[in-house]
Amino acid sequence: MTDICIIINGHREGAMAIPSIRSAISAANHARKNGISCEIMAILDSSDPETEAIFNSWRDITHIHKINVSDLASARNFGIQHIIVTGK
């Protein structure tokens with residue numbers, strides 16, 4: 001089981017999402033270096049092809065879910081529920 005899961009929400013940010021992705025990867029690597037298992041999950045809510053391509057290009061993102069709820073809170077809750085149900 002993973003100790004920490006970082007959830008990144010994506011919509012239609014395109015390249016503007018890259019700093020957030022890099023920050024999440026940096027945090028995950030820091031956690032791992034300190035013995036904490038960490039995964040990065042992306043929830044792409046009503047995203048455009050450019051944003052999807054950018055998220056798909058990062059091998060450090062362990063799970064990518066594409067949904068269409070058009071609501072930030074609902075998208076976050078989807079990610080949290082996925083963690084609770086699957087344990088990852």
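The values are calculated or read from the model by the stated rules, or taken from the named source; none is laboratory data. On a predicted model such as this, the values are computed, not experimentally measured, just so you know. A quick note on method: Cβ atoms are made from the backbone with ideal geometry, for glycine too, and the neighbour counts reach across all protein chains shown. Note: areas computed on protein heavy atoms with side chains; ligands, DNA, RNA excluded. Shrake-Rupley method; radii C 1.70, N 1.55, O 1.52, S 1.80 Å.
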Cα long-axis angle, helix 18-33 against the chain (0 to 90 degrees, to the nearest 10): 20
Stretch gain in nm, segment residue 68-residue 27, where the contour uses 0.36 nm per residue and the Cα spacing is subtracted: 12.0 nm
For the chain, size of Cβ-based charge dipole, Lys and Arg +1, Asp and Glu -1, in debye: 300
Long-range tail of P(r) for the chain (Cα pairs > 17 Å, %): 45
Rounded percent of accessible protein surface that carbon and sulfur make up, the chain, 1.4 Å probe: 54
